[in-house]
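**Student:** Sharing a structure, written as structure tokens. Questions coming.
The values are calculated or read from the model by the stated rules, or taken from the named source; none is laboratory data. Please read these numbers as outputs of a predicted model, since none were measured by experiment. Virtual Cβ from ideal backbone geometry, glycine too; neighbours counted across all protein chains shown.
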Amino acid sequence: MADLKTLLPELQNALERRQLDAANDLLSKAKRALLIQNALIPTPTTPPQLVVLGRQVLELGALASIRQTDAQTFTRYYQQLQPFYDLERHVGGPNQPKAKVDVSTSQRSKITGLYLLLLLSSGDSANFHTVLEGLVEEASLKDARVEDDAYIKYPVDLERNLMEGSYDKVWRETKSERVPDEDFGLFSNVLIGTIRSEIADCSEKAYPSLPISNAKNLLFLESEGAVIEFAEQRGWILRDGRIYFPVEPEAATRSEKDILLASGTVIENTLGYARELETIV
Amino acid sequence: MPAERRSLRSNNKSDASSSANGEKSSSNSQSSGAKEKAAPATRSASNKAKGAPAKKGTTAKGANNGMEENDQSQNNRPDSTENGVNGSEDVEMGEDTAGAPTSSFNTRKDRNGDEKMTVVVPPAKGSRPSKKAGQEKDEDTTMEGTEPGDSEQTEPEIDPTTKAIQDIKINFTLLDRAVTHFDPRFTLRVLRSISSMRKHITPEVLAKVIVDIYPDSSSMASFLLEAIDQANAFEAVPADLKMDLDLEKTKGTAKDTLPEVDAYLAILVQIYLFDERKIQQGADFSTNLIERLRNLNRRTLDSLTARVYFYYSLFFEKIAPLPPSPAAAVTSIRQTLLAALRTAVLRKDVDTQATVMTLLLRNYLSTSHITQADLLISHNRFPAAASNNQIARYLYYLGRIRAIQLQYTEAHSHLVGATRKSPTSHSACGFYQASHKLLVVVELLMGDIPDRSIFRQPALEKALHPYLLLAQAVSVGDLDGFLNTVNTHSPTFRKDGTYTLILRLRQNVIKTGIRMMSLSYSRISLRDICLRLGLDSEESAEYIVAKAIRDGVIEATLDHEHGFMKSKEVGDIYATREPGEAFHERIRACLALHDESVKAMRFPMNQHRLELKSAQEARERERELAKEIQEGDMDDEEAGGDFDAI
């Protein structure tokens, strides 16, 4: 207990001063202390102060792992935090006895928001929506909307815009002043990379050709040189200051291939029908 | 000759009915020494006996007589016990005799017909029935002496309480038969009858039944009685009656009541507590009940146990911290349900397995623990032999989970299955509506517009109205209208649990809007698109259109410098593979439907043997017939000859 209390400020300090290696050392010590106290997973009998300490250690751990861009460790911390947060949700209920556990220091929405953003940037939209669904339910229970929480609103808005295709909005959101917390900013680069490749995909199909200067704006690149570099990466053809997107293989040859492919499936289907008919009759 | 043939056939009928009677009454006398138990069985038996010979069916009066008779037989049972084993049979006959003084011409004729038929029986086949007829006559005479004196005690009207008691007891015989024949269909029939009986369940009825069938030392009896606040029901029984009862019990059968009967009564108690909103009491009762049932390992108990779990979970759903809250009471029963699932799988108990699995899914989803629900599904295989309703429920929950996980195609197929399998009866309307609501949203999310006819069904019209507005907004790509609908109906959507899914529809509305525009204009400026769709900026519009082109929603190109979208010529769709694929899709659906319906067919056990037997009989009869015809021919010839001679 005493160990933990001294460890915690040290840990916070280390994080603030960005001494991540030192923080890692402290974290492993703190987690060991938690284990000895048997408080790594909270039970109803765990003393409230210990629960708070445990949660704080894990939260700091999660933040530390985010700053080291270690997605796996962050996910592990997030999972470990769930029992703590569940306890918190119980306490937050309308007709529950007064909170025994101090929830004022909890960074739950921040951690959850970061997790959502992580899911979003890794393209795991199924899990994203699964987590979100739980949050929506919970919020509607308290007559609130998920969007009321700035930390949650951010990834939710980003997702909506991404799905819709309003990439310019995503771009604007990822700029530093819009980001609710510096830790969220860590994902901006990943997200910009994602939307850039999305836009590139779309452009290939949508435009026959594009002036390089326009492409710079479209792709949110700083200079025309960056555009040229990017274009070469994707194998686009540059001519007379315009980008020509590689045209799909000739329509004629494609249709021929199509027919070959189609006849195969048609035969297969017909044979299937015949077999089914036989079993029926 | 023809007359005799007819009588032969009708005799077969009466033969069958009387043998059925015999079977029933014998099973009665075996199964219980309790005196009332015989009564309901004989009622049905006697009605049947009456119904079979009476070609126009028994009249209402006849049925009434039967009822009256039952009351009578209950009352005069102390007398008739002296008749010993034949007791149940003579009650059955008593119906005719007692009916005679008061009955109309009809019943008398019936009886006469009955006797006549038994007389006409050819000796070869009818040795048994005729013997029986003799017996019956004997009993007629013996019974007639006792009847008139008691008949004054009988009530002319059927008391709903007695009726309920009788119904419950009929079900005991069915359960008994389910155990002896090892045939789950009897149990299912019992469970089906619960809904019709539900209104009549009162603590008095239950207490009476319990007192009648259990010895008062039985722990199960006191357990049941405590739950319905009738703990002193045994003392309440009048002393003289009690003595008779004790006599019956000690003399009849010392063996315990079947666990199936225990479970059945417990279910009735559960239903009673639930209907009376005694939720906490019901929850405690169910918890204890499950403790008891878990120790039993009987396959004939499966479907009853499943029902017990169902009500168990229902009780907990109603307890104070209600489901959406993460601290809900339902979370506390997960452990029990998971244990039950494990046991059920090990015992190959399909009924409980299916029920508990749907209950668990429902449980998880109610507190939106979707990940856990998904894990449950991935670690378990749902029994294919589960009852239709359970499959429908399972498919619904599965569809819901998949929809949340953005796997719309899968969700769609599950939900279609759920709506098709959902029972069409009026009481199951809620499920039908809920699954259709979800189905409509999922179809919209897939970019399909649901069929207009869905919204016209009388069972759905009102409930699905907000969804109709939604579908209309999506189908024309009207973003403002869509947002309006969502805002005005958001409480409904939230209640249905479709709100988050509906929010995802926004992009679909935009896509449809773009498609409409690309179809109507060969060239349109991005500015106009932006205005028409109510988007925030031209830039957004450009990206959105580009995405639509990439996703294959429209066939068009963008001109960035001049800021317009140019639609491509729409090719002939019949030149593509599209129609073939649609055709294939439909054929597959039809074939799947056929397969499913074949799989859904149920065949009664050992039926083929009966068929074989009847086929053999038919063949014999045919042979006889042929012989007779041959003889008849000869007769004809002879007769013809005679005529000629005349």
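Yes/no matrix, rows are residues, columns are (1) over 40 Å from the mean Cα position of the chain (by Cα); (2) at pLDDT 85 or above; (3) loosely packed, with under 13 Cβ neighbours inside 10 Å:
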| position | (1), (2), (3) |
| --- | --- |
| A:LEU210 | no, no, no |
| A:GLU224 | no, no, no |
| A:TYR244 | no, no, no |
| A:GLU250 | no, no, yes |
| A:ILE259 | yes, no, yes |
| A:ASN269 | yes, yes, no |
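**Student:** Looking at this structure, is B:LEU304 assigned to a helix (DSSP H, G or I), modelled with pLDDT of 85 or more and either buried (at least 20 other Cβ atoms within 10 Å of the Cβ) or outside the structural domain of B:PRO259 (by TED's automatic domain parsing) (or both)?
**Tutor:** On the way: assigned to a helix (DSSP H, G or I): yes; modelled with pLDDT of 85 or more: no; either buried (at least 20 other Cβ atoms within 10 Å of the Cβ) or outside the structural domain of B:PRO259 (by TED's automatic domain parsing) (or both): yes.
Here the answer is no, as B:LEU304 does not meet what is asked.
**Student:** Looking at region B:395-427 only, could you name the residues that are modelled with pLDDT of 85 or more, within 23 Å of A:PHE128 (Cβ to Cβ) and of a type in the set (A, V, I, L, M, F, W, C)?
**Tutor:** Answer for region B:395-427, where residues must be modelled with pLDDT of 85 or more, within 23 Å of A:PHE128 (Cβ to Cβ) and of a type in the set (A, V, I, L, M, F, W, C): B:LEU398, B:ILE401, B:ALA403, B:ILE404, B:ALA411, B:LEU415.
**Student:** Under 6 Å between Cβ atoms, which residue pairs at least 6 apart in sequence (or on different chains) link something in region B:481-510 that is touching a residue at least 12 places away in the same chain (Cβ under 8 Å) and more than 12 Å from every other protein chain (Cβ to nearest Cβ) with a partner that is of a type in the set (D, E, K, R) and in a loop (DSSP other than H, G, I, E, B)?
**Tutor:** Correct list of pairs: empty, since none qualify.
**Student:** Take the residues in region A:113-130 that are more than 10 Å from the chain's Cα centre (by Cα) and surrounded by 19 or more Cβ atoms within 10 Å (Cβ to Cβ), then tell me which one is nearest to A:GLU164 (Cα to Cα). Let's see the steps before the verdict.
**Tutor:** Initially, region A:113-130 is screened for residues more than 10 Å from the chain's Cα centre (by Cα), giving A:126, A:129-130.
If we keep only those that are surrounded by 19 or more Cβ atoms within 10 Å (Cβ to Cβ) as well, we get A:129-130.
Working: A:HIS129: 15, A:THR130: 19 Å.
Among residues in region A:113-130 that are more than 10 Å from the chain's Cα centre (by Cα) and surrounded by 19 or more Cβ atoms within 10 Å (Cβ to Cβ), the one nearest to A:GLU164 (Cα to Cα) is A:HIS129.
**Student:** Continuing with this model, one more query. For region B:397-415, what are the residues that are within 14 Å of chain A (Cβ to nearest Cβ) and small (Gly, Ala, Ser)?
**Tutor:** Across region B:397-415, the qualifying residues are B:ALA403, B:ALA411.
**Student:** How many residues, within region A:105-134, are outside any helix (DSSP H, G or I), within 14 Å of another protein chain (Cβ to nearest Cβ) and free of Cβ contacts under 8 Å to residues at least 60 places away in the same chain?
**Tutor:** As a first pass, look at region A:105-134 and keep what is outside any helix (DSSP H, G or I): A:105-107, A:122-124.
Keeping just the survivors that are within 14 Å of another protein chain (Cβ to nearest Cβ) gives A:123-124.
From what is left, the residues that are free of Cβ contacts under 8 Å to residues at least 60 places away in the same chain are A:124.
Within region A:105-134, residues that are outside any helix (DSSP H, G or I), within 14 Å of another protein chain (Cβ to nearest Cβ) and free of Cβ contacts under 8 Å to residues at least 60 places away in the same chain number 1.
**Student:** Can you tell me how many residues within region A:200-211 are part of a helix (DSSP H, G or I) and at the interface with chain B (Cβ under 7 Å from one of its Cβ atoms)?
**Tutor:** Applying the first criterion (part of a helix (DSSP H, G or I)) to region A:200-211 yields A:200-206.
Now restrict to residues that are at the interface with chain B (Cβ under 7 Å from one of its Cβ atoms): A:201-203, A:205-206.
Qualifying residue count for the region: 5.
**Student:** Quick check on my filter: what residues within region B:378-396 are closer than 27 Å to B:GLY447 by Cα and within 14 Å of chain A (Cβ to nearest Cβ)?
**Tutor:** none
**Student:** Continuing with this model, one more query. If B:LYS566 passes every condition in (1) of a type outside the set (Gly, Ala, Ser); (2) surrounded by 18 or more Cβ atoms within 10 Å (Cβ to Cβ); (3) not in a helix (DSSP H, G or I) but one, which one does it miss?
**Tutor:** Failing condition for B:LYS566: (2).
**Student:** In a helix (DSSP H, G or I) and either modelled with pLDDT under 80 or within 24 Å of the chain's Cα centre (by Cα) (or both): does that describe B:PHE315? Let's see the steps before the verdict.
**Tutor:** Working: in a helix (DSSP H, G or I): yes; either modelled with pLDDT under 80 or within 24 Å of the chain's Cα centre (by Cα) (or both): yes.
In short, yes.
**Student:** Determine which single condition B:ALA541 fails, assuming it passes every other condition in (1) in a helix (DSSP H, G or I); (2) within 30 Å of A:ASP168 (Cβ to Cβ); (3) out of contact with any helix residue (DSSP H, G or I) (no Cβ under 7 Å at 6 or more places or on another chain).
**Tutor:** Condition (3) is where B:ALA541 drops out.
**Student:** Still on this structure, please answer the following. Taking into account only those residues within region B:475-489 that are closer than 24 Å to B:LEU415 by Cβ and at pLDDT 85 or above, which is surrounded by the most Cβ atoms within 10 Å (Cβ to Cβ)?
**Tutor:** Among residues in region B:475-489 that are closer than 24 Å to B:LEU415 by Cβ and at pLDDT 85 or above, the one surrounded by the most Cβ atoms within 10 Å (Cβ to Cβ) is B:PHE482.
**Student:** All but one of (1) under 21 Å from B:GLY477 (Cα atoms); (2) surrounded by fewer than 17 Cβ atoms within 10 Å (Cβ to Cβ) hold for B:GLY430; which doesn't?
**Tutor:** (1)
**Student:** Scanning region A:149-195 for residues that are within 12 Å of chain B (Cβ to nearest Cβ) and part of a loop (DSSP other than H, G, I, E, B), which turns out surrounded by the most Cβ atoms within 10 Å (Cβ to Cβ)?
**Tutor:** Within region A:149-195, the subset within 12 Å of chain B (Cβ to nearest Cβ) is A:156-157, A:159-172, A:195.
Then keep just the ones that are part of a loop (DSSP other than H, G, I, E, B); that gives A:165-166.
Working: A:GLY165: 28, A:SER166: 25.
Out of the qualifying residues, it is A:GLY165.
**Student:** Please identify the pairs in which a residue from region A:17-43 that is more than 14 Å from A:THR6 (Cα to Cα) has its Cβ atom under 8 Å from the Cβ atom of a residue that is not in a helix (DSSP H, G or I), counting only partners at least 6 apart or on another chain.
**Tutor:** A:LEU20/A:GLN68; A:GLN37/A:MET1; A:ASN38/A:THR46; A:ALA39/A:THR46
**Student:** Give me a count of the residues in region A:55-100 that are within 19 Å of A:THR6 (Cα to Cα) and either modelled with pLDDT under 80 or within 13 Å of chain B (Cβ to nearest Cβ) (or both).
**Tutor:** 0
**Student:** Please work out which one of (1) surrounded by 13 or more Cβ atoms within 10 Å (Cβ to Cβ); (2) over 51 Å from the mean Cα position of the chain (by Cα); (3) within 12 Å of another protein chain (Cβ to nearest Cβ) is the condition B:ILE524 fails and give its number.
**Tutor:** (3)
**Student:** Quick check on region B:306-317. Is at least one of its residues under 20 Å from B:ILE194 (Cα atoms), touching a helix residue (DSSP H, G or I) at 6+ places or on another chain (Cβ under 8 Å) and among the acidic types (Asp, Glu)? Steps first, please.
**Tutor:** Applying the first criterion (under 20 Å from B:ILE194 (Cα atoms)) to region B:306-317 yields B:306-315.
When the remaining residues are screened for being touching a helix residue (DSSP H, G or I) at 6+ places or on another chain (Cβ under 8 Å), the result is B:306-315.
So of that shortlist, the ones also among the acidic types (Asp, Glu) come out as none.
No, region B:306-317 contains no residue that is under 20 Å from B:ILE194 (Cα atoms), touching a helix residue (DSSP H, G or I) at 6+ places or on another chain (Cβ under 8 Å) and among the acidic types (Asp, Glu).
**Student:** Can you name every residue in region A:142-174 that is modelled with pLDDT under 80 and of a type in the set (S, T, N, Q)?
**Tutor:** Scanning region A:142-174 gives a single hit, A:THR174.
**Student:** How do the helices (runs of 4 or more DSSP H) wholly within region B:321-426 filter down when requiring 2 or more residues that are over 23 Å from B:LEU501 (Cβ atoms): which remain? Full working, then the answer.
**Tutor:** Details: elements: B:334-346, B:350-366, B:370-379, B:388-404, B:408-421.
In region B:321-426, B:334-346, B:350-366, B:388-404 are the helices (runs of 4 or more DSSP H) which contain 2 or more residues that are over 23 Å from B:LEU501 (Cβ atoms).
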